[in-house]
Amino acid sequence: MRLIELSQLQATSFQAKQVTPVHPTVFSLRSVSLALVVLASTLSVQTAWAQGRGAPPVTVAKPIEQRITQWDEFSGRFDAIESVDVRARVSGFVEEIHFNDGELITKGDLLFSIDKRPFEIEVASAKATIDQRKAEVSLQISEVERAKPLVRRGAVTERDLEQREANLAVARAQLAAAEATLRRAELNLKWADVRAPISGRASDRRVDVGALISGGQTGGEATVLTRIVSLDPIHFSFDASETDYLRYVRLSRAGKRDSSRETGNPVRIKLVDEEGWPWDGKMNFIDNRLNPRSGTIRGRAIVGNPDKVLAPGLFGRMQLFGGELDALIIPDKAVVADQTRKIVFAIGDNNTIVAKPVKLGVLREGGLRVIESGITADDRIVIDGIANPAVRPGATVTPEDGTIATPADATGEDQTSKVQ
């Protein structure tokens, strides 16, 4: 009896462990069923809203019409207006260094002193040579003066007089050469003191006291002692696209915006850790060609840097004056995405929702968005209530008039100036 019960229990356990395979089609049918349930629930919610509460309320307002200043944004980096590798013009041993690494330098400051003794000897030698040449000139002058009366009496021939005059000319030329040698020796002595050619911030020293350095006028063989970069003012360089370049050219030809080649159009700059645009400057250069590989053109602005905060190589964002334009402005939250398009909801006939594709402009202060095209000043735009799932294209809504708040509403200032 116990054997029969044990066999039955083992058979039941074996059947429980067997799992019946489920065909993939079953999972697909389940997914479709779930989607239909969700859709039906959404439709039932919307139907309940329409039947129980009527058309959903939304807040609408007409776009703000303003003449605003357009600022176009670019990325770029700061560059030094002047950058000089300091080299000695004469060779010798470094005797003294007169600055600290990274120090602010003024043009003309003494940076390095080279051993002056060899150059002082050259100066003394050149002065002695000049004294010698002057004595020779005096002698030749006397020879010529003595020969002139003798020629009249026939004691000296004309040829002898001409020879003495030639000797005098040679002596004077040798004196001039000696004076030039003295000036060169004095210049070398002066160059033994290496001074800052520009004002700015010095890099670290590349040589130490006692080092033998090579000098020269060409720079190929001369030893680099340090580098100085100017800081105030400073350049900001950036690249503009071909589209931006053509737009600026069209605006200039139409008389709506001066070309930055001819006028220093204003710019505003901020660093990566700054809010707002605290740095003001102006354009001072546009390149003469576009880069055929990148399709961009190089531009440059000049910015004041009295506190020496800006340094060459810093990254920044720049806004360039793009002209004045009449714009339509709506809250940025009124813009929704429809796959690859940006749209806004407007009120159509019989208070139905109409989706209007728009081209967006820049985002301005206070969360306001400039709309370049797609709507008109008379359109009633839905600015609140979009989150309601019942508010969709073709749906009937209950529009309630509202206003578009601007930063000027809180201060009482002119709206046009604040939106810029």
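Coordinate-derived values only; no laboratory data. Keep in mind that what you see is a predicted model, and the values were worked out from it rather than measured. Please note: Cβ atoms are built from the backbone with ideal geometry, for glycine as well, and neighbour counts cover all protein chains shown.
The table that follows gives values for the structure above.
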read-out: Förster radius 22 Å - calculated FRET efficiency between E372 and F315, Cβ distance, rounded to 0.05; value: 0.20
read-out: Estimated Rh, the range 294-375: Kirkwood, alpha-carbon pairs, angstrom; value: 16.5
read-out: Local electrostatic count, V229, Cβ distance below 10 Å [Lys/Arg +1, Asp/Glu -1]; value: 0
read-out: Equivalent-ellipsoid semi-axes of the range 248-395, from the Cα gyration tensor, Å, largest first; value: 39, 19, 14
read-out: Distance from the range 66-139 to the range 222-244 (C-alpha centre basis), Å; value: 21
read-out: For V84, net neighbour charge (Lys/Arg +1, Asp/Glu -1) across residues whose Cβ lies under 11 Å away; value: +1
read-out: Debye-sum result for the range 186-257 in log10 I(q)/I(0), which assumes one identical scatterer on each alpha carbon, at q = 0.23, 0.28 Å⁻¹; value: -1.16, -1.30
read-out: A169-V207 pseudo-label distance in nm [points 7 Å out on the Cα-to-Cβ vector]; value: 4.5
read-out: Counted charge near N291, where neighbours are those whose Cβ lies closer than 13 Å (Asp, Glu -1; Lys, Arg +1); value: 0
read-out: Sorted peptide list for 310-317, 248-255, criterion being average Cβ within 10 angstrom, highest first; value: 310-317, 248-255
read-out: Pairwise FRET efficiency - D131 versus W191, Cβ, R0 = 22 Å, nearest 0.05; value: 0.35
read-out: Stretch gain in nm, segment E274-S75, where the contour uses 0.36 nm per residue and the Cα spacing is subtracted; value: 70.2 nm
read-out: Cβ-Cβ FRET estimate between D338 and K308, R0 fixed at 60 Å, reported to 0.05; value: 0.75
read-out: Length released on extending from E145 to E65, taking residue separation times 0.36 nm less the Cα-Cα span; value: 19.0 nm
read-out: Dipole magnitude of the range 179-289 about its Cα centre (Cβ charges: Lys, Arg +1; Asp, Glu -1), debye to nearest 20; value: 400
read-out: S83 paired with V249, simple spin-label distance in nm, labels 7 Å along Cα-to-beta-carbon; value: 3.0
read-out: V224 paired with A155, simple spin-label distance in nm, labels 7 Å along Cα-to-beta-carbon; value: 7.3
read-out: P(r) of the range 240-318 over all Cα-Cα pairs, binned every 10 Å from zero, in whole percent; value: 16, 43, 32, 9
read-out: Enclosed volume per residue, in Å³, of the convex hull spanned by Cα atoms of the range 156-314; value: 294
read-out: Inverse of mean 1/r across different Cα pairs in the range 69-226, Kirkwood, Å; value: 20.0
read-out: Geometric extent, Cα atoms of the range 98-162 - Rg, Dmax (angstrom); value: 25.9, 79
